[in-house]
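Here, each number is a calculation from the coordinates, and none is a lab measurement. These numbers come from a predicted model, not from an experiment. Note that each Cβ is placed from the backbone with ideal geometry, even for glycine, and that neighbours are counted across all protein chains shown.
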Amino acid sequence: MNDPALAGLPSPIALDQVIAARAPWDHVVRTGQTLRIIDLEGNQAVDFLMYSLLDDTERYSAQDTIAAQANIFLKVGSVLHSCDGNPMASITGSPVAYHDTIGGACSCESNTLRYGYHTKSQHACVENFLLANGRHGRGKRDMVSNINWFMNVPVEADGALGIVDGISGAGLWVDLRAHMDLIAVISNCPQINNPCNGFDPTPIRVVIAG
Ligand SMILES: [Zn+2]
């Protein structure tokens, strides 16, 4: 437990794993456990969905979360709500000023629209989500608006969105404390056409504790 990346986490450490650059991942997080996501090399967007373990038709809702906290950014203290209005998890710690939940997940289709037809075959977050969810019988109908940990999507005064250089850095993290048994699903974003990953997707580390 002398690893500084584990500082402040409850014990025991139930899982400690590196997710390769561009890879999908999913795991159950039990009520009261903390999921820590660590941006190992910095400036890596981590696309994130979650579902109730008991009934996966209850899932994360960006809309309910934004409405409940009357703010579009996710910060320490934010409570992540489900489509049924229940608290699924809280952000209990993060040195990163804010995280995004309106920028969406990259896909072959959106890449083609934004960056040109030559990007159509590039691996994207939607494919990662489908790969992870497909192991549990969930498909395209189960895709909802996601969270982008460590991704900087500033909103201008006129409402315009940007995707700009990250506000994260090597070794920075976010902690989520589960309020229900949930399935966390991650796409370690493979995007190489905009600055969300510094044009160089890198590994991340996930720890489940408590
Ligand atoms: Zn992505």
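Some points to look at:
- Its Cα centre serving as origin, the stretch 112-210 has a Cβ charge dipole (Lys and Arg +1, Asp and Glu -1) of approximately 440 debye.
- Paramagnetic reach from residue 20 in the stretch 113-137 [backbone N under 17 Å; point 7 Å along Cα→Cβ]: 123-125, 127-129, 131-132
- Local electrostatic count at residue 121 - Lys and Arg +1, Asp and Glu -1, tallied over other residues with Cβ under 13 Å: -1
- Other residues lying with their Cβ under 11 Å from the Cβ of residue 49 contribute a combined charge of -2, Lys and Arg counting +1, Asp and Glu -1.
- All Cα-Cα distances of the stretch 160-210, cut into 5 Å bins from zero to the largest, leave 4, 13, 23, 22, 16, 13, 8, 1, 0 percent in each bin in turn.
- The amide H of residue 81, built 1.01 Å from its N in the peptide plane, has 61, 65, 88 as neighbours under 5 Å, considering only residues 5 or more places off or on other chains.
- Remark on the stretch 1-95: Rg and Dmax equal 14.4, 40 Å (Cα only).
- Taken over the alpha carbons of the stretch 67-139 as equal point scatterers, the Debye sum produces base-10 log I(q)/I(0) values at 0.26 Å⁻¹ of -1.07.
- Trypsin sites (Lys or Arg not before Pro), loop per DSSP, at most 15 other Cβ atoms within 10 Å - longest free stretch of the chain: 136-210
- P(r) histogram, all alpha-carbon pairs of the stretch 82-210 included - 5 Å bins from 0, percent: 2, 9, 17, 22, 22, 17, 10, 3, 0, 0
- At q = 0.08, 0.13, 0.18 Å⁻¹ the log10 of I(q)/I(0) for the stretch 14-160 amounts to -0.23, -0.63, -1.26, computed by Debye summation with a single uniform scatterer per C-alpha, solvent ignored.
- Environment charge of residue 205, counting only residues whose C-beta is closer than 11 Å and scoring Lys/Arg +1, Asp/Glu -1: -3
- Spin-label proximity, residue 3 to the stretch 18-34 - amide N less than 11 Å from point 7 Å beyond Cα toward beta carbon: 18-19
- Normalised convex hull volume, the stretch 13-64, alpha-carbon set, Å³ per residue: 121 Å³
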